[in-house]
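Notes to accompany the following structure.
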Amino acid sequence: MLGLLSPPTTQTHRAENGTNSTRESKPREPLRPSTSIYTNPLLSLTATQPREPPRNTISNPGHLRRMDLITKESGQLGKNASLQACEDSVDALLDFLEQAKANVTDKQYMAQVHTMYTSQVAPQIIQTPNDVHKAISRYGKALDRTFKLNVNSAASSIVQIASDNDDSKEAVESREELNRAVAVHLLRLGEFDTANIFLGESATKLPPLLVEQFELLYDILRSMGERNLQPAIDWASTHQRFLDCRGSDLEFQLRELQFKMLLSQRDTSAALAYARTHFQRYQRHYLKEISQLVTSILYSYTGNSPYEKTGGEVSGDDHAVALKTVQQTLIKEFCTLLGLSSESPLVQAVSSGTVALPILAKMGGIMKTKRTEWTSSNELPVEIDLPPEFQFHSVFVCPVSKEQTTDSNPPLMLPCGHILAHDTLKAMSKDSDRYRFKCHYCPEETTFPHTRRVYF
Ligand SMILES: [Zn+2]
């Protein structure tokens, strides 16, 4: 058998250089999952937020020990001297196949392909040595021992997965909704070609404007990356009223960064002229910031500005941090204008689902052994403690009926300040506007018309 493991560095190199076979070998790194999706600015909001480790797993010392075992085994595998030879052998074969694929229409080339294989490639292909086999097997066992989760038990008990043949209205709508979520996610990633192919193949319709808008967003972000803020400033100026209504400081952030960039080029007169022309509009809300920015011009040559943090004295990181912050604000405002959340719902769903999975799997197991069924359609029978970034709104559970309030059964406040659900109060008032009833908590009496709807 051939060695089929290849560390991420080799793969990246292949993607950059295509079929070039004279690659330099890079120092080996321990095997680890790729984090490339987080390099995308649209996803970086998720990546930069501190995330609490899911309870029941990482905080458990037993799991920590097993995680150490995985790290150790992957390190051992990475250090295995024979692994590089196996990878080189596989790479040589892949390069040969890529080359053959590229020349498949060339009859002369194809006539010689078998001879070339036996003379050039076959001698390089080696059998995977036993120690590599053993290291891979130990690494696999360490993974199996740590991640015992039976995902199937979570899925089967929680969701009824609609099959592709299910033509019921609900199933069709669910499929369409999921396809739209995937397509919008691809647009958020800037993968416009892939999104177009997906839209075509899945016959999914998105508003044409949405695709155009994401293309525009990516053009703006790309320009910002090249230190050209003008397209972003133009966009913010066009949507000034929308941004003002939201109390967004995007436009000022952009102007401020532009000013700092001018100042760090030691172009003090240009910076001063820029401040005079553009900062006036923001005086009402940002007078302190503007004063500090303008005064920092005085220190632009001495380098010991007391306005270090606000002024233009940023040279080392080339405004990279400030630029990233402004980009994230822009993405947030841009998505809000389109009526979308600032982070991909697909990423949110998968991330929160991953945190919830161990609990759901455990619940699935218990329900299977007890032969019970989960009947409530919009509420889980267990509480799942999600990190704050996955919590979007407060929920209120009526202390009498123990039901979570909804739009059709909203929370209502009594004159004494205590809150109960609509249906509970209807029952307590015997469905009459004149019947006086006592609060569940205190002795105060009231009637139903004296209650008020509460919004959390
Ligand atoms: Zn009360």
* Structure fact -> With ALA421 itself left out, Lys, Arg at +1 and Asp, Glu at -1 over residues whose Cβ is under 13 Å from its Cβ give 0
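With the Cα gyration tensor of region 395-456 giving a ≥ b ≥ c as the square roots of its eigenvalues, does the rule (a/c under 1.5 for rounded; else a/b larger than b/c for prolate; else oblate) give rounded, prolate or oblate? Write down the numbers at each step before the final one.
Numbers: a/c = 1.64, a/b = 1.47, b/c = 1.12.
Prolate, because a/c is 1.5 or more and a/b exceeds b/c.
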* To do: Mind jotting down the distance between the C-alpha centroids of region 331-349 and region 71-95, whole Å?
  => 41 Å
* Select from LEU210, ASN130, LEU178 the residue farthest towards the positive end of the dipole of region 122-239; place +1 on Cβ of Lys and Arg, -1 on Cβ of Asp and Glu, and compute about the Cα centre. => ASN130
* Convert each backbone phi in region 117-125 into a coupling constant with the Karplus relation 6.51 cos²θ - 1.76 cosθ + 1.60 (shift: θ = phi - 60°), then list the ³J(HN,Hα) values in order as whole Hz, x for Gly and Pro. => 5, 5, 7, 9, 8, 3, x, 7, 7
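Fewest to most neighbouring Cβ within 10 Å: what's the order for PHE214, PHE96? Provide the component values of the computation, followed by the final result.
Working: PHE214 24, PHE96 20.
Starting with the residue having the fewest Cβ neighbours, the order is PHE96, PHE214.
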* Roughly how many debye, to the nearest 20, is the charge dipole of region 395-456 about its Cα centre, given +1 on each Lys and Arg Cβ, -1 on each Asp and Glu Cβ, and no other charges? -> 120 debye
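Any of LYS148/LYS362; LYS169/LYS370; LYS169/LYS205 with alpha carbons more than 23 Å apart? Name them for me.
Working: LYS148/LYS362 11 Å; LYS169/LYS370 33 Å; LYS169/LYS205 17 Å.
From LYS148/LYS362; LYS169/LYS370; LYS169/LYS205, over 23 Å: LYS169/LYS370.
Volume per residue, Å³, of the convex hull around the alpha-carbon atoms of region 228-337? Intermediate values should be presented prior to the final figure.
Details: hull volume 10.5 nm³, N = 110.
Per-residue hull volume (Cα only) is 95 Å³.
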* Asked: Can you work out ³J(HN,Hα) from phi for every residue in region 80-86, in order, using Karplus 6.51 cos²θ - 1.76 cosθ + 1.60 and θ = phi - 60°, giving whole Hz and x for Gly and Pro?
  -> 4, 5, 7, 4, 4, 4, 4
* Asked: Treating the beta-carbon of each Lys and Arg as +1 and of each Asp and Glu as -1, no other charges, what is the dipole magnitude of region 228-337 about its Cα centre, to the nearest 20 debye?
  -> 280 debye
* Asked: Setting aside same-chain residues fewer than 8 positions from LYS288, which lysines have a Cα under 21 Å from its Cα?
  -> LYS260, LYS309
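None of the figures in this text is laboratory data; all of them are computed from the coordinates on show. This structure is a prediction, so every number in the text was calculated from the model and none was measured. No Cβ is skipped: glycine too gets one built from the backbone with ideal geometry, and neighbour counts run over all protein chains shown.
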